[in-house]
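A short write-up of the structure that comes next.
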Amino acid sequence: MPTKTAIITGATSGIGQAAALKFAANGWQLVVTGRRAEKLRSLQHEIQEKFDATVICLTQDVRHPGSGDELKKMLSEKQIKPDLLINNAGLAAGLLPLHNSEISDWEQMIDTNIKGLLYVSKSIASMMVEQGFGHIINIGSIAGKEAYPGGNVYCATKHAVDVLTKAMRMDLLPFGIRVS
């Protein structure tokens, strides 16, 4: 059976890093992305040492509108078919009440948590539709269901991830793509 490929955004720490290690331990080939090249190289080295798995790194910031197309181009050039996309890149910035919060924090969270997920999903979903299979997992948060003081925009972005996941599932299911 051919090796399956998982793409994991935001793989330099936390859930993304843990997912990369778990998938590698189970024999998956990985494409990992993140903003910090040195952290990606460290993860690549760790995975290759522990699991002898193939790890391809792409240093990128999902906030850039071309990030999804850049990832798609790299996969196409390497003739890699994406079996799984884990949209993990995300962040929380600021814990202030709305009236005292920083607009730059709002922009960073919206650009990463919502727009970044969309940029990457659009490009990879188009590949999955063409190949007739795939699975997209969007990492949410309980903050998308229950708000907390100072979490105004973060909670809103994670609620958007929840709703986007449901809508993406409806859009992509007819093409054999699962979304969760």
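The values are calculated or read from the model by the stated rules, or taken from the named source; none is laboratory data. On a predicted model such as this, the values are computed, not experimentally measured, just so you know. Here Cβ is always computed from backbone atoms with ideal geometry, including for glycine, and neighbour counts include all displayed protein chains. Surface areas here come from the heavy atoms of the whole protein model, side chains and all, with no ligands, DNA or RNA. Shrake-Rupley method; radii C 1.70, N 1.55, O 1.52, S 1.80 Å.
Cβ-Cβ below 7 Å, separation at least six or inter-chain, first residue in the stretch 116-128 and farther than 16 Å from residue 158 by Cβ, second hydroxyl-bearing (Ser, Thr, Tyr): which pairs? Going by the 7 Å Cβ cut-off, the qualifying pairs are 119/67; 120/9; 120/67.
Does residue 12 fit the bill of being among the hydroxyl-bearing types (Ser, Thr, Tyr), at pLDDT 95 or above and touching a Gly at 6+ places or on another chain (Cβ under 6 Å)? So residue 12 passes the test.
Of the residues that make up the stretch 135-157, is at least one in contact (Cβ under 8 Å) with a residue 40 or more places away in the chain, out of contact with any Leu (no Cβ under 9 Å at 6 or more places or on another chain) and on the phi > 0 side of the Ramachandran plot? Checking the stretch 135-157: not a single residue is in contact (Cβ under 8 Å) with a residue 40 or more places away in the chain, out of contact with any Leu (no Cβ under 9 Å at 6 or more places or on another chain) and on the phi > 0 side of the Ramachandran plot. Among the residues making up the stretch 86-136, those that are under 29 Å from residue 173 (Cβ atoms), assigned to a helix (DSSP H, G or I) and either of a type in the set (Lys, Arg) or open to solvent by 20 Å² or more (accessible area, probe 1.4 Å) (or both) are 110, 111, 114, 115, 118, 119, 122, 126, 127, 129, 130, 131.
Counting just the residues of the stretch 141-154 that are assigned to a helix (DSSP H, G or I) and over 18 Å from residue 88 (Cβ atoms), which one comes out most open to solvent (accessible area, probe 1.4 Å)? Checking each candidate, the answer is 152.
For the stretch 25-50, what are the residues that are hydrophobic (A, V, I, L, M, F, W, C) and either within 19 Å of residue 139 (Cα to Cα) or open to solvent by 50 Å² or more (accessible area, probe 1.4 Å) (or both)?
25, 28, 30, 31, 32 - these are the residues of the stretch 25-50 that are hydrophobic (A, V, I, L, M, F, W, C) and either within 19 Å of residue 139 (Cα to Cα) or open to solvent by 50 Å² or more (accessible area, probe 1.4 Å) (or both).
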